Every structure is written in structure tokens, then in C-alpha cells.
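Q: One structure, pasted below without further comment.
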Amino acid sequence: MSGDAPPVWVLNLDADDELAHRGAHSPKAATVERIVALAPVLRALAPERLWPDPTGGGFAGRPGRAWCPTRWALERMELAGVRPPRAPTQDVLRRVNHRRFAHELGQALPGAAFVSDARELAEVLGAHGTLERASEQGAWLLKRPFGYAGRGRRKVGPTPAADDAAWIDASHRADGLMVEPLVTRLLDCALHGYVTEDGRCALGELTVQDVDATGAWVESRRAPPGTLSAAEWQTMVAEARRTAEALHQAGYLGPFGLDAFRWRAPDGAEHFQPRCELNARYSMGWRVGMGGFQPPEGAP
């Protein structure tokens, strides 16, 4: 980094909560506990961290970097005298991490839609033919606009149960729902990258990731050769570059990652979804995929 001291990190893993609620943010105790538990894994990305202690460490004058440079993260840097990075605005961060942004780039799953109210949701859930073609479970997966670590998701049948109603209503008030057929996943993988201020895109190597039953990350590792077919790999790289261009056009600069998966339809045919999630921030597998890549000095 041009001889500069290495960056000090604010590991605000709950950035999606802050982006979702817009107002004053205060991390929950469970978030602090999660960071402590993940410290051995996060050390490869962030050898030195500022948070959760915003005043200790003797980091004054050092460059800062954040999991996601939200307003709260930048305030932690200011409190410690750490130099903040050149970060996208909060409005840009919110727009590009909102699931509507990724959805509008196009969908590969049959019947997937982003809905804003109960009427639109009923229309999507009523498409029983989609479930017959796509879901061996005969169910839909609902996702709130912001989510991480498997949170903000709910499985529902073609007709939601009574106890789903309150969750769905709260989701509509929170700015809509992503609706997808719940498919049988055969392989979970990811491709990470970095977008510079002038729109250049650096891509890493394919990673394979393990997730638990809720969709929360468990482990990432470099994918062995042949993990994807030639066609799947070409599709994923093209999708990553197209996404990077969309992020740049939206005013974003910094790290990003695309989660993808191979899935099986009820008729036994296998398909590839090259962008099931877009994370316009750092993620648990980012350093695994990007190897020795270093962001430009002073950048997020």
C-alpha cells in the first residue's frame, strides 16, 4: 500500500441491519459475540481490527477500512482518529445492497420476482405451475430486502400459513420481498471482485462454500479445477463483469461478491443460477477468492 501502514478494520458484520433501518444504529451484543467467534477466520481479511473498541489500540493516523463503510463504521474511525476510506454514499450503499437492485439485473430462477405488496405476492405465489417445474419441495423462499447469515428468510407453501402473515406484513412495510421457488441446491459457490473508482474490475478465483440449513455461511475454500462446467464458468464470469459495471454506474466502488448455485429441477434436469445473492461489501469468502489482491490506497 505504497509504504503506508496496513489498514485498521471496522468489522461491522451487521451492516445490512443499519442499511435496512436507516436511523441511528447500535450493534447488538450477539453481533459482537459473532465477531469474536469468527476472529480466527476474519484474521486473514483483517489482521488488525478497531471495532468493537473504538478508542483503544493506538490506531490514530492509520488508514481505515470497513466490512461495509456505513455511517456507523465511519463514525468508529473518526472516534479513533483513523483515516476513513473514500467510500460510496450511504444512499448508494443502500441501493446496491437492496435485493431489488440485484433482481433488476435479471433472474435465472423460474417465477422469481420482487414484490411490493400483498396483491403482487399473491399473484406470484399463485403460479403453481412454476413450483411444479422448479421446486421439489413445492415451496417458495421469501427474502427481505436486506439479510445476512441466513437471516430475513422464510419458507412458505403455495398458500402461506396463518403464522406467516405477520412476518409477510412486516416485510412489506420494510420495503418489499424477494420471492423465489425453493429449489434443491447441488453446489454452492461464489465469485468475488473489486470495482475501482474508474470502473475497472478485478475478479478472483471461484470458491466453493458450505452453508447451513438456514443459508448461513459456514466455510469457503478455493474450488478445484472442473467444479463448474465451461459453460457455467463463462456464465458466471460474464454475470460478475455485468454486475461490476452496474455497480460502477450506480456510484459504487469497492469489494463485491456473487453467490451462485447449481440446482436440480423435479424432472431431474440440472440448472445454474449465476447470481443468487449480490453482496456489495466484503464477505467471509472474499479473501479466499481474491488471494493477494489489495485494494488501492485510501479505497474501501
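The values are calculated or read from the model by the stated rules, or taken from the named source; none is laboratory data. Bear in mind that the values here come from a model prediction, so they are computed numbers and not experimental data. All Cβ positions, even for glycine, are placed from backbone atoms using ideal geometry, and neighbour counts span all protein chains on display. Note: accessible area is taken over every heavy atom of the protein model, side chains too, but ligands, DNA and RNA are not part of it. Shrake-Rupley method; radii C 1.70, N 1.55, O 1.52, S 1.80 Å.
Q: In the chain, carbon and sulfur make up what percent of the accessible area (probe 1.4 Å)? Don't skip to the end; give the middle numbers.
A: Details: 6780 of 13250 Å².
Summing carbon and sulfur atoms, their accessible area is 51 percent of the total for the chain.
Q: Let me ask something else. By how many nm would the segment from TRP167 to ALA30 lengthen if fully extended, with 0.36 nm per residue of separation less the alpha-carbon distance?
A: Details: separation 137, 0.36 × 137 = 49.32 nm, distance 2.17 nm.
So the chain would gain 47.2 nm between TRP167 and ALA30.
Q: Let me ask another. Mind pulling the angle between the C-alpha long axis of helix 71-80 and the longest principal axis of the chain? Nearest 10 degrees, somewhere in 0 to 90.
A: Rounded to the nearest ten degrees, it is 20.
Q: Find the accessible area per residue for the chain; the probe is 1.4 Å, ligands and nucleic acids are left out, and the unit is Å².
A: Numbers: 13250 Å² over 300 residues.
I get 44 Å² per residue for this part.
Q: Taking the structure as given and computing Cα extents along the principal axes in Å, which label from [x] 63, 40, 29; [y] 60, 44, 35; [z] 69, 41, 33 fits?
A: Correct label is [y].
Q: Another one. Quick check: pseudo-label points 7 Å beyond the Cα along Cα→Cβ at THR227 and ARG100, how many nm apart are they?
A: 3.3
Q: Whole-Hz ³J(HN,Hα) for each residue in the range 289-300, computed from phi via Karplus 6.51 cos²θ - 1.76 cosθ + 1.60 with θ = phi - 60°, x for glycine and proline: what do you get?
A: x, 8, x, x, 4, 10, x, x, 4, x, 8, x
Q: Please give me the summed charge of the neighbours of GLU219: other residues whose Cβ is under 11 Å from its Cβ, Lys and Arg +1, Asp and Glu -1.
A: Working: positive: ARG221; negative: ASP188, ASP210, ASP212.
It works out to a net charge of -2.
Q: Considering only C-alpha atoms, what is the centroid distance from the range 159-177 to the range 66-129, in Å?
A: Each part reduced to its Cα centre gives a spacing of 18 Å.
Q: Once the dipole of the range 78-161 is set up with Lys and Arg at +1 and Asp and Glu at -1 on Cβ about the Cα centre, which of PRO85, GLY157, HIS128 lies farthest towards its positive end?
A: Value computed over the given set: PRO85.
Q: On to the next question. Please compute the length gained on full extension between ARG153 and ALA216, using 0.36 nm multiplied by the number of residues separating them and subtracting their Cα-Cα distance. Let's see the in-between values first.
A: On the way: separation 63, 0.36 × 63 = 22.68 nm, distance 1.06 nm.
Net length gain for the segment: 21.6 nm.
Q: For the chain, what is the mean residue ellipticity at 222 nm derived from helices alone (per DSSP H run of n ≥ 4: -39500 (n - 2.57); sum divided by total residues; nearest 500 deg cm²/dmol)?
A: Details: 10 runs with 93 residues, N = 300.
Helix contribution divided over all residues of the chain: -9000 deg cm²/dmol.
Q: Could you calculate the FRET efficiency of ARG86 with ARG22 from 1/(1 + (r/R0)^6), where r is the beta carbon distance between them and R0 is 25 Å, rounded to 0.05? Walk me through the numbers before you get to the answer.
A: Numbers: r = 22 Å, r/R0 = 0.89.
For R0 = 25 Å, the calculated efficiency reads 0.65.
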